[in-house]
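A quick write-up on the structure given underneath.
The values are calculated or read from the model by the stated rules, or taken from the named source; none is laboratory data. Only a predicted model underlies this, so the values are computations on that prediction, with no experimental measurement involved. Every residue, glycine as well, gets a Cβ built from its backbone with ideal geometry; the counts of neighbours run over all protein chains shown. Remember, those area values only see protein heavy atoms, side chains included, never the ligands or the DNA or RNA. Shrake-Rupley method; radii C 1.70, N 1.55, O 1.52, S 1.80 Å.
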Amino acid sequence: MRGHTLNIIFALTGLALIWSAHAGLLDNYVLTVLMFMGINVIFASSLNLVNGYMGEFSCGHAGFMCVGAYVGSLLSMALFTNSKLFGDALLPPELALPLFPLVLVAAGFAAAAFGLLVALPSFHTRDDYLAIITIAANYIIISIIENIDAIGGPRGLFGMKKTINAMGDFINAPWMFIWVVLITFVSVMILYRLVTSTCGKGIPAVCQNEVAAEIMGVNTNKVKIMAFMVSSGLAGVAGALYAHVYGYVNAQAFNILKSTEGLVMVYLGGMGSLSGVVIAAIAFTLLVEGLRFVIPFVNDLTHSLGLLPAGFEISQVWKWVIIPMILILLMQFRPEGLLGNRELTHVFPGLKKWITFK
Amino acid sequence: MPLLELENVSQRFGGLKALTDFSIALEDRELVGLIGPNGAGKTTVFNLVSGFYTPSEGRITFGGRPTRGLKPHQVTALGMARTFQNIRLWNDLSVLDNIRLAHHFRLGYGMVDAVFRTGRYGRAEQKIEREAREILETMELAEFAAEQPKNLPYGVQRRVELARALSTKPRLLLLDEPAAGLNSSDVDGLIRLIRWIYDEFKICIWMIEHQMKVVMSLCQRLMVIDFGITIARGTPREIQSNPDVIRAYLGDGAL
């Protein structure tokens, strides 16, 4: 029973959220924020597998999210919706509900395949040089997609939301929200189970001493492939969810800025700490959303106090001053992140009753 | 058939010839030493044997199988383990995890089993955990199971590294300067430990060592190399009085 307590708490929280969404207790804005929170959790915790556990510096994680977003959207449009791009739906819309997870899985596999773009060079390259390769991979992916005019090119892609609407026509429920809650839970579970198994501990072993790992029988190349593919695959799933939440994808939404957001969340939470990064992803989403209200408030306040000249407005752009500033302060005063490479159970030993990370 | 055989192995790094025409045959259940002054090419021999380098010339066979083209982890899977001159443990993982990871090449389950926590995963992990705890018990390391190696004294770290190497269930154990950095009372303990491992695990041990006390009291036969060239081989007693060896270590004036 002991090992399942946390799962039960998560399941109950998820159910409570879904129920309140269904009952209309949460307005659309809150729902959207919660969904982006879930997507950020998947995005950041999957990046943490490479940047935290394996100690490589991947800065092109959004590229894989982009692959997942497009593959997921195209599949769901072709299969379940009548679109200009693909013509009539290949399958009856009732099947959208049971088959949607398969669309997400396919998006994940496609992104994982692109993960090889980074995984294969990583056999012979490390550190800064590999980091440059990850940036290159990010740009390669975006450029490829932007130059395929059939799927919208730089204009982006619309129409995947109809799949979600079809589910709603079939059984009335907040399906998008349900999927995000479910997949977030499953993704974190996959990562947790992987990093706590002896199989997955090959990943920190490669990070901490690659020579020793290879000599003690760890197939380091296989471990690298595993880490990069799981990481990029989950990013792809996050991307497919993102596309369906927005109802629109554009390759430029997944450029290096988006990758940087992932890095901020990982470094905020602490590299190699699954619980830390999940908390950081939630906190980061709240922070970004919170600034949406705080900035106008500060703007009005300073103007009413006469501290700022009439022509000067504090706009939302200041968000991109404040967030990097937080990163600078973090690196100055707590470079290891909120939890360092420890888990929540080390900080609050009382939690060990409920969950173990070893 | 010898357990490990090196035939006329040479290794060049660019213009530098680190090892020239090195040959040796090790049988099961032997305790052999490899000595030589600093920079003589001893660790190069171990790196060649464990698959880190591919020899420029010559042939290495382990258990009757040529090892050319095998990666180090594949050589380990054939039954060879080693320790390092400067300890190489995974410092942020627990001692228990360090030992567990020595089972990585024969996990008996895959990533999918780990994610779905299948029965196969459960059985394999249980077996790994049991064997890891056993070896920690026999090596008197059980009390450190949850510690991180970086927080342990040097001598204990050496023992952990030995325990980790033994966990791969090797037929041949390579020890690269096991006594380096140990004080004299630790060295006595190490000599007893290596002898005990040799008797208990019934394996072949090949060691590089500088400290004569260790080599003389443990090894049945010795090889001496200098500048990559084999200058002597024989029993410890023969080696001690060999003029070439004395010259290599102490210079011409010593004779």
(message) Taking the condition of being buried (at least 16 other Cβ atoms within 10 Å of the Cβ) and more than 27 Å from A:PHE254 (Cβ to Cβ), how many residues in the stretch A:22-34 meet it?
(response) 1
(message) Of all residues being of a type in the set (Phe, Trp, Tyr) and surrounded by 24 or more Cβ atoms within 10 Å (Cβ to Cβ) in the stretch A:35-88, which is farthest from B:ASN91 (Cα to Cα)? Just the residue, please.
(response) A:PHE80
(message) So B:SER23 ticks every box in (1) surrounded by 15 or more Cβ atoms within 10 Å (Cβ to Cβ); (2) more than 14 Å from chain A (Cβ to nearest Cβ); (3) in a strand (DSSP E or B) but one. Which box is left unticked?
(response) (1)
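Does B:GLY69 satisfy the criteria of being part of a loop (DSSP other than H, G, I, E, B) and either at pLDDT below 95 or open to solvent by 10 Å² or more (accessible area, probe 1.4 Å) (or both)?
Values: part of a loop (DSSP other than H, G, I, E, B): yes; either at pLDDT below 95 or open to solvent by 10 Å² or more (accessible area, probe 1.4 Å) (or both): yes.
When the stated conditions are applied, B:GLY69 passes them.
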(request) Can you confirm whether the stretch A:223-236 contains a residue that is away from chain B (no Cβ under 13 Å), farther than 14 Å from A:SER58 by Cα and not hydroxyl-bearing (Ser, Thr, Tyr)? (result) yes
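So that you can scan it fast, the table gives a plain yes or no per residue for (1) without any contact (Cβ under 8 Å) to a residue 12 or more places away in the chain; (2) facing chain A (nearest Cβ under 10 Å); (3) closer than 25 Å to A:ALA227 by Cβ; (4) open to solvent by 10 Å² or more (accessible area, probe 1.4 Å):
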{"site": "B:VAL45", "(1), (2), (3), (4)": "no, no, no, no"}
{"site": "B:LEU48", "(1), (2), (3), (4)": "no, no, no, no"}
{"site": "B:TYR53", "(1), (2), (3), (4)": "no, no, no, yes"}
{"site": "B:ARG65", "(1), (2), (3), (4)": "no, no, no, yes"}
{"site": "B:THR76", "(1), (2), (3), (4)": "no, yes, yes, no"}
{"site": "B:ASN91", "(1), (2), (3), (4)": "no, yes, yes, yes"}
{"site": "B:SER94", "(1), (2), (3), (4)": "no, yes, yes, yes"}
{"site": "B:ASP97", "(1), (2), (3), (4)": "yes, yes, yes, no"}
{"site": "B:MET111", "(1), (2), (3), (4)": "yes, yes, yes, yes"}
(request) Please state which one of B:PRO236, B:PRO149, B:PRO243 is open to solvent by less than 60 Å² (accessible area, probe 1.4 Å), modelled with pLDDT under 90, more than 20 Å from B:ASP28 (Cβ to Cβ) and more than 18 Å from the chain's Cα centre (by Cα). (result) B:PRO236
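Looking at A:GLU210, A:GLU214 in this structure, which one is closer than 30 Å to B:ASP176 by Cβ, charged (D, E, K, R) and surrounded by fewer than 21 Cβ atoms within 10 Å (Cβ to Cβ)? Full working, then the answer.
Details: A:GLU214 fails: surrounded by fewer than 21 Cβ atoms within 10 Å (Cβ to Cβ).
From the options A:GLU210, A:GLU214, the qualifying one is A:GLU210.
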(request) Pairs only if they're at least six apart or on different chains, beta carbon under 6 angstrom, first in the stretch A:23-34 and more than 15 Å from A:GLU289 (Cα to Cα), second of a type in the set (Gly, Ala, Ser); list them, first residue then second. (result) A:LEU26/A:SER20
(message) I'd like the residue in the stretch A:154-204 that is in contact with a Pro (Cβ under 8 Å, 6 or more places away or on another chain) and open to solvent by 30 Å² or more (accessible area, probe 1.4 Å) and, out of all such residues, is nearest to the other protein chains (Cβ to nearest Cβ).
(response) A:PHE170
(request) Report, by residue number, each residue of the stretch B:113-147 that is among the β-branched types (Val, Ile, Thr), within 8 Å of another protein chain (Cβ to nearest Cβ) and within 30 Å of B:ASP199 (Cα to Cα). (result) B:ILE128
(request) Tell me which residues, restricted to the stretch A:42-90, are closer than 22 Å to A:PHE185 by Cβ and more than 19 Å from the chain's Cα centre (by Cα). (result) A:SER76
(request) Please find, among B:ARG106, B:ARG82, the residue that is open to solvent by 30 Å² or more (accessible area, probe 1.4 Å), at negative phi and within 14 Å of chain A (Cβ to nearest Cβ). (result) B:ARG106
